[in-house]
1. Looking only at segment 196-221, which residues are under 24 Å from Gly250 (Cβ atoms), charged (D, E, K, R) and out of contact with any Asp or Glu (no Cβ under 7 Å at 6 or more places or on another chain)?
2. All but one of (1) at positive phi; (2) surrounded by 12 or more Cβ atoms within 10 Å (Cβ to Cβ) hold for Tyr174; which doesn't?
3. With (1) in contact (Cβ under 8 Å) with a residue 60 or more places away in the chain; (2) among the charged types (D, E, K, R); (3) farther than 19 Å from Asn54 by Cβ as the list, and Glu270 as the residue in question, which single condition is left unmet?
4. Within segment 10-63, track down each residue that is closer than 18 Å to Gly145 by Cβ, crowded, with 19+ Cβ neighbours inside 10 Å, touching a residue at least 60 places away in the same chain (Cβ under 8 Å) and away from the ligand (no atom under 11 Å from the Cβ).
5. For the structure I just gave you, tell me whether Leu223 is more than 16 Å from the ligand (Cβ to nearest atom), buried (at least 17 other Cβ atoms within 10 Å of the Cβ) and assigned to a helix (DSSP H, G or I).
6. Restricting the search to segment 237-277, which residues are within 22 Å of Ile112 (Cβ to Cβ) and either aromatic (Phe, Trp, Tyr) or outside any loop (DSSP other than H, G, I, E, B) (or both)?
7. Please go through (1) charged (D, E, K, R); (2) more than 23 Å from Arg68 (Cβ to Cβ); (3) touching a residue at least 24 places away in the same chain (Cβ under 8 Å) for Glu153 and return the number of the only condition it doesn't satisfy.
8. Could you check segment 75-127 and list, in sequence order, the residues that are aliphatic (A, V, I, L, M), within 10 Å of the ligand (Cβ to nearest atom) and assigned to a helix (DSSP H, G or I)?
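A short reminder: the numbers here are calculations on the coordinates, not readings from a lab. Computed from a prediction, not measured in an experiment: that's the story for all the values here. Please note: Cβ atoms are built from the backbone with ideal geometry, for glycine as well, and neighbour counts cover all protein chains shown.
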Amino acid sequence: MIEQGFSLARLTTLGTGGPAHYFARPSSLDDLARALEWAAQRDVEVATIGLGSNLLAADGGVDLLVLRLEGALALAEVQGERLVAGGGAANAVCLHRARAAGLGRFEFACAIPGTAGGGVRMNAGAYGGDWAGIVLRALVVDAGGARWRSPGELGLAYRTSALRPGEVVAKVEYALEPRPPAEIRARVAALQAERKATQPTNRRTFGSVFKNPEHEFGAGRMLEACGLKGHRLGGARISPRHANFIENAGGATSADALALMSEARRRALEQFGVVLEHEVALLGELELPPAGETLR
Ligand SMILES: Cc1cc2nc3c(=O)[nH]c(=O)nc-3n(C[C@H](O)[C@H](O)[C@H](O)COP(=O)(O)OP(=O)(O)OC[C@H]3O[C@@H](n4cnc5c(N)ncnc54)[C@H](O)[C@@H]3O)c2cc1C
C-alpha cells in the first residue's frame, strides 16, 4: 500500500526532514517488486530508508517513493556460519542472532545503529571492521529485477558503494566464524564503553558528519581545532563531545544541520586547506555549497 505525505522526521535519528511524497513498507520480495513497478509506471524515483541513522532529508519533503523494508525483509537468521539478513534488519538484531549462534566477526557493528542494507550502501565500519570485510553477497533489487551481487560488484569502499539511486538492498549474507558467546559479549561491552567515552551516545545525531580526510587529523580533530565544538545554528549544534557529530539541540531542521556543515567546511578549508566530504547521505533537494562558501 502506498501512503502519501509520510513524515521522514519520524524515521531519522536526527529527527528532521519533511514528508515523503510517497511511502511504502514492503514486507516481502513480492511486495517490494510491486512497489518498484508502481513507481516505474509513474516515473517516480525511489529511495530506501533504513533506521535513518546517517540521513538528512529535505525539510520541504522529498518527491520520491521512500521505502522502508519490514516483515520478512527485516529478519535475520543463521545458516551454518552465515548470517542471512533482510535489507531492513537492524544491526542490533543481527548481532543478537550471531552471538546466540556462537558466531563472531559482527561485533564491530554494535556501535552502528543502522540496518543491513544501510550498512552495504554506506560500507559502514568501526573499530577496524566494515561491511566490505564480512559481506559475502547482497541481493539488489530495482525495477528491472533482482540479482545477487558480490562484494566486488557492490563496489564497497571507504563509507561508500557503487549502488545507484533506486537500487534496493533486499538481503545480505554475512560470512561469520565460530566464537564463544562470552567472548563476543566481552568484546561488545568493551567497544560500547569506548564509544561512550568519546562520542555523544544519548543525543539525536546522525553519526559522523564528514569522512576522515587524508590528513594527520581526522575530521573531528580538525573541526575541534577550528573551534567548532558546541557551535550552534538554529536548533543544530556541533557536539561539545566530538566535533564530527551534529546534535539536534531542540527544534533543529535539516537546513540548520546543512548550514552548520557548510560553516564547518568553510573553516576546515580556511585553516587546513582541506575540503571535507560529507559522509551523511542527503535525500531530496539538499546540497552543500562549494567548500569556501556558507549557506547563512
Ligand atoms: C550514534 C551513531 C553512531 C554511528 N556510528 C557509526 C560508525 O561507527 N560507523 C559507521 O560507518 N556509521 C556510523 N553511524 C552512521 C550509520 O549508523 C551508518 O551509516 C548505517 O550504516 C546507516 O544505516 P541505516 O540503515 O540507518 O541507513 P539510513 O541512514 O537510513 O540511510 C543511509 C543511506 O543508505 C541508503 N539505504 C538504507 N537502506 C538501504 C537499502 N536497504 N538499500 C539501499 N540503500 C539503502 C539510504 O537511501 C541512504 O542513502 C552512526 C550513526 C549514529 C546515529
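1. Hit for segment 196-221 is Lys196, nothing else.
2. (1) is the only condition that Tyr174 fails.
3. (1)
4. Hits for segment 10-63 are Leu36, Ala39.
5. yes
6. Selection gives Ile238, Phe245, Ile246, Glu247, Asn248, Ser254, Ala257, Met261.
7. Evaluating Glu153 over (1) charged (D, E, K, R); (2) more than 23 Å from Arg68 (Cβ to Cβ); (3) touching a residue at least 24 places away in the same chain (Cβ under 8 Å) leaves (3) as the failure.
8. Hits for segment 75-127 are Ala109, Ala111, Ala116, Val120, Met122.
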